[in-house]
Amino acid sequence: EAARLVLARMGVAPEDLVGASVGSSVVPTFAEYVPVVEQAVSVGTRRVYGSYWKRVLEFWGQRRLDEPTASEVKHLAEWVRSQRVLRRNARGGRSAVEHCIAALRCVYRHAVADGLLSESQDPARRVAMPRRLPSTRRGLGERPVAEVNRVAASTGNDPALDTLLVRLHTETACRRGGALALRVADLDAEQCLVLLREKNDTVRWQPVSPTLMRHLREHADQRGAHASGDGRVLRYRSGAALTYRRYDHLWHRLGRHVSWVATQQVSTHWLRHTTLTWVERHFGYAVARAYAGHTDHAG
């Protein structure tokens, strides 16, 4: 209390002392620093936050990082909410607000680590994230899964690819990123295992059936995966590596033929929930966590 009294008489706040070392450095503008952060983050982070960083540059490009206040951050997030694309599964723009704040927190987190700002100068930390609502995703029953497989195999311009995708996600409960990153070298045909590389840099061997392993290898052979530089397994008929757009087209087409797919906004992640629900029901929660790749180091 004595120290606080002395500082008050001097007109100095404790926060000023904490940020004294960074105050002498030149604080860059958003236009100068956001590209630095974009080069420092992973491809997945750049894909999620990229559109929000563009909005930040539109609003605050020429402003220094230490200029915006918490109220201005909240105002920007609400503006992003008002400009969001309205979809049938929209939930009031909560995701847009959350990603906008998270994108700013990412920028300020790097600025603090680089010694450009102190933690007390980060306005995004003082803005509360919107409360997350329970997910509407759920596991599908046997008949709905069979219907998805039937329509995927009988419609579209590449039924073989779409059927393989549905089977891969149903058996392994992998995410889209794990499937797209699958390489020929990740297929262990002898033990029927595939190596999945997913978010947060998790890597795990996942079991598959001999039938799926055979079709994955045949698909890779027929579409030139061995000759390509990256060796990725999943490919279009042209030989080009698969992208996220194939999933969008697949579920949009399934929604045109199966009404409940469109009504409930079913996606690939529902197949993951389906398999993990089945695993948990038969083998317990701990096994389901391990199958999902959620197990911690102690487990």
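Which members of segment 153-171 meet the condition of being part of a helix (DSSP H, G or I) and either open to solvent by less than 20 Å² (accessible area, probe 1.4 Å) or free of Cβ contacts under 8 Å to residues at least 24 places away in the same chain (or both)?
Applying the first criterion (part of a helix (DSSP H, G or I)) to segment 153-171 yields 153-154, 159-171.
Hits for segment 153-171 are A153, S154, P159, L161, D162, T163, L164, L165, V166, L168, H169.
Hey, among G50, G44, which residue is under 30 Å from K199 (Cβ atoms), in a helix (DSSP H, G or I), open to solvent by 30 Å² or more (accessible area, probe 1.4 Å) and modelled with pLDDT under 95? Write out each step before concluding.
On the way: G50 fails: open to solvent by 30 Å² or more (accessible area, probe 1.4 Å).
Going through G50, G44 in turn, just one is under 30 Å from K199 (Cβ atoms), in a helix (DSSP H, G or I), open to solvent by 30 Å² or more (accessible area, probe 1.4 Å) and modelled with pLDDT under 95: G44.
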Test: residue in segment 276-287 that is under 18 Å from the mean Cα position of the chain (by Cα), surrounded by 18 or more Cβ atoms within 10 Å (Cβ to Cβ) and not acidic (D, E): no
Odd one out for A111 among (1) in contact (Cβ under 8 Å) with a residue 40 or more places away in the chain; (2) assigned to a loop (DSSP other than H, G, I, E, B): (2)
Failed criterion for R204 (all others in (1) surrounded by 20 or more Cβ atoms within 10 Å (Cβ to Cβ); (2) in contact with a strand residue (DSSP E or B) (Cβ under 8 Å, 6 or more places away or on another chain) hold): (1)
Enumeration of residues in segment 222-264 that are out of contact with any Leu (no Cβ under 8 Å at 6 or more places or on another chain), buried (at least 16 other Cβ atoms within 10 Å of the Cβ) and not in a helix (DSSP H, G or I): R223, A225, S228, V258, Q264
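Condition check ((1) hydroxyl-bearing (S, T, Y); (2) modelled with pLDDT of 90 or more; (3) over 24 Å from the mean Cα position of the chain (by Cα); (4) part of a loop (DSSP other than H, G, I, E, B)) across all residues:
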site	(1), (2), (3), (4)
D66	no, yes, yes, yes
R84	no, no, no, yes
A90	no, no, no, yes
R132	no, no, no, yes
G139	no, no, no, yes
V151	no, yes, yes, no
Pairs where the first residue, in segment 30-42, is more than 19 Å from P123 (Cα to Cα) and the second is surrounded by 14 or more Cβ atoms within 10 Å (Cβ to Cβ) and of a type in the set (D, E, K, R), C-beta under 8 Å, 6+ apart: E38/R46
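In the set C174, C106, which member is surrounded by 18 or more Cβ atoms within 10 Å (Cβ to Cβ), in a helix (DSSP H, G or I) and of a type outside the set (A, V, I, L, M)? Show your work before the answer.
Details: C174 fails: in a helix (DSSP H, G or I).
Only one candidate passes the filter, namely C106.
Among the residues of segment 115-129, are any surrounded by fewer than 18 Cβ atoms within 10 Å (Cβ to Cβ), more than 30 Å from R81 (Cβ to Cβ) and out of contact with any Ser or Thr (no Cβ under 6 Å at 6 or more places or on another chain)? Spell out the reasoning first.
Going residue by residue through segment 115-129, those that are surrounded by fewer than 18 Cβ atoms within 10 Å (Cβ to Cβ) are 115, 119-120, 125-126, 128-129.
If we keep only those that are more than 30 Å from R81 (Cβ to Cβ) as well, we get 115.
Restricting the remaining residues to those that are out of contact with any Ser or Thr (no Cβ under 6 Å at 6 or more places or on another chain) gives 115.
Within segment 115-129, one or more residues are surrounded by fewer than 18 Cβ atoms within 10 Å (Cβ to Cβ), more than 30 Å from R81 (Cβ to Cβ) and out of contact with any Ser or Thr (no Cβ under 6 Å at 6 or more places or on another chain).
The values are calculated or read from the model by the stated rules, or taken from the named source; none is laboratory data. Predicted model, so just to flag it, every value in this text is computed and none were measured. Neighbour counts are summed over all protein chains in view; Cβ atoms, including those assigned to glycine, are modelled from backbone coordinates with ideal geometry. These area figures cover heavy atoms from the full protein model, side chains too; ligands, DNA and RNA do not enter into them. Shrake-Rupley method; radii C 1.70, N 1.55, O 1.52, S 1.80 Å.
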